[in-house]
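Below is one structure, written out as structure tokens, with a few remarks after it.
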Amino acid sequence: MNLPELDMAWLELPRDKAGFVRRECPRCQRSFKTRPSRHDAGMLQRLLAGYFPFENLHEAYTAEELPAWHCLYCGHRALPDAWLTPEQSAHVEQMARAWANHVRYEQLAYVQRTLAHNPRPTFVSVAPEPLPRPLPPDEELLRTLPMVCCGDEVQAQWEWDQPMVCPRCGAHHGGLSGRQQVQLEFVRE
Ligand SMILES: [Zn+2]
Ligand SMILES: [Zn+2]
């Protein structure tokens, strides 16, 4: 039998206009943004599989090695699924529940179809609610900064002027000098 395919487009983390995705530190609870990671999909699938252990999800994704991330501000290191904002995390859970209902419906419908010759079916499967809408795009603009260590860019809170840690490789970077601050504030206008 065929289970419904989970369309990954529904599960994408929202991006802002510049293409950055928000992350929230599980320790200091500050948020920053990074470019989407190629491991995001695997991380989301693994979270989904954690809510409802469907075998097909486990086979496909739980073997993937997911590198840990570092907090831009406090340097805390944690696996990728620890960095969801409360909003993102609630969305993944909603999606997992909705999808589980779809799978259950398909299973019942399959039983019904194969028992079509049965004149007295003992149940009727009710079509599940549609899957939740994706989260809206992230509108807040943060300060874009280069991470020269990884040739990457991150977005930090405007008021943060302390040293920073590269989310990807953990390298430490000094705080912004006064001149850089002025230039960045100017760019913001
Ligand atoms: Zn932190
Ligand atoms: Zn780096």
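Just so it is clear, none of the values below were taken in a lab; they were calculated from the coordinates. If you're wondering where the values come from, they're calculated on a predicted model, not measured in any experiment. So basically every Cβ, Gly included, is an ideal-geometry build from the backbone, and we count neighbours across all protein chains shown.
The label point for Arg38 and the one for Glu153, both projected 7 Å from the Cα toward the Cβ, are 2.1 nm apart.
Counting 0.36 nm for each residue step from Thr114 to Leu66 and taking away their Cα separation leaves a gain of 13.2 nm. For an R0 of 22 angstrom, estimate the FRET efficiency from the Cβ-Cβ distance between Arg30 and Ala100 and round to the nearest 0.05. Efficiency, rounded to the nearest 0.05: 0.10.
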